[in-house]
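Working notes, beginning with the structure itself.
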Amino acid sequence: MRSERFGGVGVALVTPFEADGSLDLDAYAQHAERMIAGGVDYLVPCGTTGESATMTADEQAEVIRAAVSVANGRVKVLAGAGANATAEAVARAKAAAKAGADGILSVAPYYNKPPQEGLFRHFEAVAAAADLPVVLYNVPGRTASNVLPATAIRLAALPNVVAIKEACGDLDQIGTLLHERPDDFLVLSGDDELTLPMIALGADGLISVCANEAPAETTALVHAALDGDFAAARSLHYRLLDLMRCNFVETNPIPVKTAVEILGGPPARFRAPLVPLSKGARAQLEEALATAGISRFDGDAR
């Protein structure tokens, strides 16, 4: 399973909803197709940006199946499958595998604040249950727990734990992980804004929010950096920087779903407790899109 790699750019897909709050799978498929056309390396359904926290297990499986159907073998599908209860995370990982995912992205258990041994045992159980490559997801700002480098490296010894999406925001911690990790264990940025410095330190790619708005530009930035063309990567980084930041002017995915709507994608509808973007933040977002030179989406991408 170490050959099942998720380097490059994965897009953390937004999830469109109908006016009644149900899944809009047609709009989802169209948006996923746009991402493939934009050059992303793989799709990531049911992550934080996809509002997985408000999905039922059945809905999550539906969304993963939709992503797999659109991908149709052209790109891989790394499916979000996490929970704060280990048994539920195990069940969702099994369901994601059954839905056809190529790999599992499993977030650290949130709210519980387990110690490092608890984090290890949680991910160990998920990895044992999923006959697929597993990518750990460390995002302390969401989970209130931090997967430290020693724990990630310990987990990397498991045969199907192949990577970590690192969104701790601490370059010192990330540098320690990159320095000490096994050679075949990938470190992926979970923060668009930190991707360029992370790749300069040796990281292997990005799971991106910004790619929902600018798939071609985000992919070009990451691929240039991975190829060692830091002048080109730096130019793209600064072009997109305001947008990367503006995607978090209010809680993710509120800004990015609004940007997708502004660009001609599906309406920015949210499930409670999320709410629409404020007028002031929308003005900032529109300005950031203009600064980045992001054009409206073409018609139906399919």
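The values are calculated or read from the model by the stated rules, or taken from the named source; none is laboratory data. Since we're looking at a predicted model, the values are computed, not measured. So basically every Cβ, Gly included, is an ideal-geometry build from the backbone, and we count neighbours across all protein chains shown. SASA here: full protein model, heavy atoms, side chains in, ligands and nucleic acids out. Shrake-Rupley method; radii C 1.70, N 1.55, O 1.52, S 1.80 Å.
At-a-glance table
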| quantity | calculated |
| --- | --- |
| Looking only at the stretch 213-235, and only at residues there that are polar (S, T, N, Q) and in contact with a strand residue (DSSP E or B) (Cβ under 6 Å, 6 or more places away or on another chain), the one that is farthest from A259 (Cα to Cα) | T219 |
| Meets criteria (of a type in the set (A, V, I, L, M, F, W, C) and open to solvent by less than 10 Å² (accessible area, probe 1.4 Å)) for F185 | yes |
| Flag if V126 is open to solvent by 10 Å² or more (accessible area, probe 1.4 Å), in contact (Cβ under 8 Å) with a residue 24 or more places away in the chain and either closer than 21 Å to L78 by Cβ or charged (D, E, K, R) (or both) | no |
| Among the residues listed as G175, G169, the single one being of a type outside the set (A, V, I, L, M, F, W, C), on the phi > 0 side of the Ramachandran plot and open to solvent by 10 Å² or more (accessible area, probe 1.4 Å) | G169 |
| Within the stretch 136-230, helices (runs of 4 or more DSSP H) holding 3 or more residues that are closer than 25 Å to A81 by Cα and over 14 Å from the mean Cα position of the chain (by Cα) | 140-143, 149-156, 171-180 |
| Residue among L240, L236 that alone is more than 23 Å from E51 (Cα to Cα), open to solvent by less than 10 Å² (accessible area, probe 1.4 Å), outside any loop (DSSP other than H, G, I, E, B) and of a type in the set (A, V, I, L, M, F, W, C) | L240 |
| Residue match in the stretch 204-211 (condition: at positive phi, in contact (Cβ under 8 Å) with a residue 40 or more places away in the chain and open to solvent by less than 30 Å² (accessible area, probe 1.4 Å)) | yes |
| Residues located in the stretch 32-86, provided they are part of a helix (DSSP H, G or I), within 21 Å of A167 (Cβ to Cβ) and touching a residue at least 60 places away in the same chain (Cβ under 8 Å) | M35, T54 |
